[in-house]
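K.L.:
There's a structure below that I have some questions on.
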4 protein chains.
Amino acid sequence: MPDGVAVVGASGYGGAVAAAILRRHPSLELTAVTARSDAGRRHDELYPRYRVAMTLEEFDADAIAERARAAIVAYPHGAAAPAVKALRERGLKVVDLSADFRLDRERYERWYTQHEAPELLDEAVYGLTEAHREEIRGADLVAAPGCYSTAALLALWPLREHLDDVVVDAKSGVSGAGREATQTTHFVSVSENVQAYKVEGHRHAAELEQELPEETRFTFVPHLVPIEQGLLASCYVTTKLERDAVLDLYRGAYEDEPFIDLADEPPGTDDVRETNRCRIHVSVVGGRVIVLAAIDNLWKGAAGQAVQDLNLMLGHPETEGLE
Amino acid sequence: MPDGVAVVGASGYGGAVAAAILRRHPSLELTAVTARSDAGRRHDELYPRYRVAMTLEEFDADAIAERARAAIVAYPHGAAAPAVKALRERGLKVVDLSADFRLDRERYERWYTQHEAPELLDEAVYGLTEAHREEIRGADLVAAPGCYSTAALLALWPLREHLDDVVVDAKSGVSGAGREATQTTHFVSVSENVQAYKVEGHRHAAELEQELPEETRFTFVPHLVPIEQGLLASCYVTTKLERDAVLDLYRGAYEDEPFIDLADEPPGTDDVRETNRCRIHVSVVGGRVIVLAAIDNLWKGAAGQAVQDLNLMLGHPETEGLE
Amino acid sequence: MPDGVAVVGASGYGGAVAAAILRRHPSLELTAVTARSDAGRRHDELYPRYRVAMTLEEFDADAIAERARAAIVAYPHGAAAPAVKALRERGLKVVDLSADFRLDRERYERWYTQHEAPELLDEAVYGLTEAHREEIRGADLVAAPGCYSTAALLALWPLREHLDDVVVDAKSGVSGAGREATQTTHFVSVSENVQAYKVEGHRHAAELEQELPEETRFTFVPHLVPIEQGLLASCYVTTKLERDAVLDLYRGAYEDEPFIDLADEPPGTDDVRETNRCRIHVSVVGGRVIVLAAIDNLWKGAAGQAVQDLNLMLGHPETEGLE
Amino acid sequence: MPDGVAVVGASGYGGAVAAAILRRHPSLELTAVTARSDAGRRHDELYPRYRVAMTLEEFDADAIAERARAAIVAYPHGAAAPAVKALRERGLKVVDLSADFRLDRERYERWYTQHEAPELLDEAVYGLTEAHREEIRGADLVAAPGCYSTAALLALWPLREHLDDVVVDAKSGVSGAGREATQTTHFVSVSENVQAYKVEGHRHAAELEQELPEETRFTFVPHLVPIEQGLLASCYVTTKLERDAVLDLYRGAYEDEPFIDLADEPPGTDDVRETNRCRIHVSVVGGRVIVLAAIDNLWKGAAGQAVQDLNLMLGHPETEGLE
């Protein structure tokens, strides 16, 4: 019998993709979808192509606990922590897509707000699968990394002990900004436009800071580009390593990874659209290492990685439901 | 009486914009438009919205010399040099949009091909107006910089003596790849895609290498983004200068420039679409200088700057026809 | 001395274009721009590329009357009528972009809401320039037609006495939905999507109903397409007229019109982008007349036509500031 | 053991999707992919996200016959017929995506060219599954309908005996124009553009003419819109039937169809992207029946429907591999 899984917050883009993936998962069964403002509507009315023929419910931890052994929570930061807490108290394993459990408390409260469930931080594992696979396997609460962090950290991970200086210039599709209608996400604002934002500091930088060695000097600048889904992190690294050593590190780290492709050509976001893959190209030009990593921000950058983590947490093959 | 000007190669994107600008120019009169494969067709059939009601002619230097005192040449590299030579021999002042006269011979032949008119290289001036205004004013032959080079050099120029290390991550719209139909410019290839290309070395890097101090260490990586017109150069600079000194250099260099805006917010390509402006934002974050420069690749990055240069060469106010 | 003109509601898309056109108009001077929620901000901060270096003011009819002889009002329907009334009371000539003065009272109140200034309806002229030029010339209050109505009526006008049956299938860019951020205008909703809406009845149909002969049977269905600006009306007409008679009517009606092009090929919205032109293609296939009309919804479909009308009202050449 | 299936012409958009679908099909096994100009390259180099890890071969009917019981042929018209013939001679069941077997010989040679294998026309079945399911089940050769024809015929089929007059205004994404790079498919030509084409007669009209009752008066006009995949057919029908009778016909015809959704709201192309579904909305407004049908032109309009037909031909459940 498949494991029941709920998606809490299934009306946003990330939660909707989580529901879509779970609907077709061979070992997990989607047993509940919840939403805040859209409760009462059908999921397939909001997202016809995902074909999740279920009604969005109000969040009720008890009702979910009756039907689900685990949950993916896709609420905004701040709102996620209380929901996660309620589900954990009822014994559910949880993957949280928000920032609420990604950072240590000090970092969280510096970049975000007061933490609503700090007592859970100890058990939370940072869910970058390729970096923390074994911890995730044994975890009850996993914090799925931010989309930018996922691409940047996968790009840099094999070199993490050798990073003298790093520039991450990242380009994200608009779904990364969420489903809320704002001036920023208006079609007319986005179309024919490319623009950096939060140059002085984007919250995902806190994850890089936490995951990379303390002494790493890095700059991270996100850009918005007129695509729906997709994220490209272009990383420029100064290192003392020689070219062959660099390439060996990447091959060693990634050649057996099921969701990472080391590509001969610079990856395009379209190469990984609606897949859980991260496609990485490494080159060394004029002594600088250039690492280009493309993901789908809603899949490997959010819901796909969440299911990848959930597979591990529930003892299923890591790739199930994601190919 | 207005000065007659011809556009040689007016069927490509850059040449077409040059014709569109000249059509409305108060002191210059567009007297001839030529094309290679499209000769015989009307310009406003190819580009209805530019409303240039003229027939594209075969290139004939004598016929042009009868009607024009100057020309903008918008041929591909290699094809431009012979046309420029023929026009210069007939006494016309020329702004060339190709790479043929941008580089010294050694650099040109390393990055491009054998030079067809090396005897003209001595008189050619690199047409980055804000950097070489006085030389342009007296020149008979000006080489308009590449679109990437224009944005990157304008971003870096005030700091050029203080650049220890530079990363230029540039994003260009598809018109920068020219009007030729290729797999790369196919709508289906471009849409929902962001991709780096020529990571190992793009020809415009030769211009940066030539214009920046020899000791500058720089990396330049171009990306293709799904917009028609527009180019954003995101520049990451390591320098010994302090923040205030950096900002002073930019204000000093640019506050009186008619086509440069120092913006309080990161510029979007849409802010400068179909204008000759370069919009620049400078910030210093964690000791790194981040300079973001947005242009329209066909205007300030090609035809607009060509007219700006031509205005100077012919003694007209620099901004005429460009506001 | 140029005539002072105010744009009331210059922060929306239509009003912003009106301001941009007036800024460069040789005989009209933009003397005030107002906004409701954006008052206090600079116009060129909201719309850098339009380069209107003015601060948006709160609406104050007296203050405007001191500086302006005429106004373009670009408020939503309902909000427009009181502003128009206040300006008319102070003697200003007004072109209103809303629906408030396009329809007779009965039609207005059936399709929209209670009318706030019915006493002005008598003096209001429907501002489809090519259809009502002489009335507009003498008018003090002109109601600029809706964008859909402009394209459809220009497509059908020469045949208006011979329309047995008409289908208008119209496709509009997203700026037609206004600057308000909604789920409908979110980039992710629009991109890769084409969709009909208001199939049961769109308000612009009321204008067609009013302007076309009463006995004309017509169906009008609007569609949203992923472009910023542009509108194509594809009209399918059953008529008793023969092909040559049809073509003669179009040539007779339009060959001297300064802003209408009779095109040999089906027009694309890109052919007229950021122009005040309407490009029309007429063909007769299998006994059906197919008329395709492309406009820029913010220019000929709103602000451009408003200036065209204003030129007439103020005694200037009709095309001034619009080429 | 799964049935081996080859895709002949797997480097074009339609063939590539066929290969992608078959790769994941539970009962069919993709055993060969061929290409003309791209033979020797890997499929997943051309289309990384489809993850077909196979090398494109030259077409060799004998080699294919050893590995496959059936084939999907995705060549251009004219080139398809000889390949189909070679495969049929070796006993393979074939679904052909080209026009070569859709029409009777007279129609084909009027709209296309001389037929290369007229002797096969008798056995060919027109593969609009919902209309010809039983014939397809017993067929050895099925001609998959054109993308426009699929959407238009599915929109009209329940009413086909009651169509007095029909206008089909269809909007297609760019992948419908094929992978060949042309001026028409250039990103800069497509972006910000909506345009009708082949107003005087598009070849898919021949399929409508053949499939609809002879006396039906219809007009079909295709438009190109800036999306990658998707097709919307907006159909305007004059009929003598009353509203309830119309709706009953649609419900009766489609409520049990596995790939047709009768939608309460006008369908968007994005609702069916990368699905084999046709989403249809029917309304009756002012006595006119408006039927809106959205499909993915590469799925239900090409490769998806081909697999749907192949499932029937090979005795598998119709929906296998397509959900």
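Taken together, the values in this text are just the output of simple stated rules run on the coordinates, not laboratory data. Just so it is clear, the structure is predicted and the values come from calculations on it, not from any experiment. Because the Cβ atoms are built from the backbone with ideal geometry, glycine has one as well, and the counts that use them run over all protein chains shown.
K.L.:
For chain C, give me the percentage of DSSP beta bridges that are antiparallel, rounded to the nearest 5 percent.
P.N.:
45
K.L.:
For residue C:243, go 7 angstrom from Cα along the Cα-to-Cβ vector, then report the distances to that same point in the other copies in nm, smallest first.
P.N.:
Nearest first, the other copies' label points are 4.0, 6.6, 7.3 nm away.
K.L.:
Ok, one more. Which distances, shortest first and in nm, link residue D:210 to the matching position in the other copies, using label points set 7 Å out along Cα to C-beta?
P.N.:
When each copy's label point is compared with this one, the spacings are 5.0, 6.0, 6.3 nm.
K.L.:
Take the alpha carbon atoms of segment C:296-323, find their center, do the same for segment A:62-132, and report the distance between the two centers in whole angstrom.
P.N.:
Taking the Cα centre of segment A:62-132 as reference, the centre of segment C:296-323 is 58 Å away.
K.L.:
Also, quick follow-up: Pairs A:300/B:240; A:240/A:300; A:93/A:198: which are spaced more than 32 Å apart, C-alpha to C-alpha?
P.N.:
Long pairs (Cα-Cα over 32 Å): A:300/B:240; A:93/A:198.
K.L.:
What's the Cα-based Rg to Rh of the protein assembly as shown, Rh via Kirkwood?
P.N.:
0.96
K.L.:
Also, quick follow-up: Please report, for residue D:323, the nm distances (one decimal) from its label point, 7 Å out from Cα along the beta-carbon direction, to the equivalent points in the remaining copies, shortest first.
P.N.:
2.1, 6.5, 6.7
K.L.:
Suppose we consider the axis relating copy B to copy A; can you name the residue of B with the nearest Cβ and state that distance in angstrom as an integer?
P.N.:
Measuring from each Cβ to the axis, the minimum is at B:169, 2.
K.L.:
Please give the FRET efficiency for residue B:41 paired with residue C:256, using the beta carbon to beta carbon distance and R0 = 30 Å, rounded to the nearest 0.05.
P.N.:
That pair, residue B:41 with residue C:256, gives E of 0.75.
K.L.:
Something else about it: In percent, how large is the relative contact order of chain A, given Cα pairs closer than 8 Å and 6 or more residues apart?
P.N.:
Values: 732 pairs, mean separation 58.1, N = 323.
Normalised by residue count, the contact order of chain A is 18 percent.
K.L.:
On to the next question. How far apart, in nm, are two points set 7 Å out from the Cα along the Cα-to-Cβ line at residue A:110 and at residue B:323?
P.N.:
Between residue A:110 and residue B:323, the label points sit 4.9 nm apart.
K.L.:
Below 14 angstrom from the Cβ of residue C:258, what's the summed charge of the other residues (Lys, Arg +1; Asp, Glu -1)?
P.N.:
Spelling it out: positives minus negatives among the neighbours equals -4.
K.L.:
Quote the FRET efficiency, to the nearest 0.05, computed for residue A:66 versus residue D:54 with a Förster distance R0 of 41 Å and r equal to the Cβ-Cβ distance.
P.N.:
The formula returns an efficiency of 0.30 here.
K.L.:
Where Lys and Arg each count +1 and Asp and Glu each count -1, what net charge lies around residue D:36 among other residues with Cβ under 15 Å from its Cβ? Mind dumping the intermediate values first?
P.N.:
Details: positive: D:41, D:179; negative: D:38, D:57, D:58, D:60, D:180.
Spelling it out: positives minus negatives among the neighbours equals -3.
K.L.:
Determine the shielding of peptide C:50-57 by partner chains: average, over its residues, the number of Cβ atoms on other chains within 10 angstrom of each Cβ.
P.N.:
That average works out to 1.
K.L.:
So in segment D:126-274, what percent of DSSP beta bridges are antiparallel if you round to the nearest 5? All intermediate terms of the calculation are to be shown ahead of the outcome.
P.N.:
Numbers: 10 of 19 bridges.
Among the beta bridges of segment D:126-274, antiparallel pairing accounts for roughly 55 percent.
K.L.:
Compute the signed sum of charges (Lys and Arg +1, Asp and Glu -1) over the other residues within less than 13 Å, Cβ to Cβ, of residue B:23.
P.N.:
Neighbour charge sum, excluding residue B:23 itself: 0.
K.L.:
Hey, got the average number of other protein chain Cβ atoms within 10 angstrom for residues in B:154-167?
P.N.:
Partner Cβ neighbours, averaged per residue: 1.
K.L.:
Also: Can you pull out the GluC sites (Glu not before Pro) in segment D:180-249 whose DSSP state is coil and whose Cβ has at most 14 other Cβ atoms within 10 Å?
P.N.:
D:180, D:200, D:214, D:215, D:242
K.L.:
Using helices alone, what [θ] at 222 nm do you get for the protein assembly as shown, with -39,500 (n - 2.57) per DSSP H run of 4 or more residues, divided over all residues and rounded to the nearest 500?
P.N.:
Calculated at 222 nm, the ellipticity per residue is -8000 deg cm²/dmol.
K.L.:
What are the GluC sites (Glu not before Pro) within segment D:16-85 that DSSP puts in a loop, where the Cβ has at most 11 other Cβ atoms within 10 Å?
P.N.:
Of the GluC sites (Glu not before Pro), the ones in loops of segment D:16-85 whose Cβ has at most 11 other Cβ atoms within 10 Å are D:58.
K.L.:
Another question, then. Considering amide H positions built from the backbone, and no H for Pro or chain starts, which residues 5 or more places from residue D:71, or on another chain, come under 5 Å of its amide H?
P.N.:
So residue D:71 has HN proximity to D:6, D:93, D:94, D:95.
K.L.:
Counting only other chains, and only Cβ atoms inside 10 Å, what mean value do you get across the residues of B:262-275?
P.N.:
Other-chain Cβ atoms within 10 Å of each residue's Cβ, averaged: 5.
K.L.:
Please state the relative contact order of segment C:68-183 as a whole percent: Cα pairs under 8 Å, 6+ residues apart?
P.N.:
Relative contact order for segment C:68-183 comes out at 22 percent.
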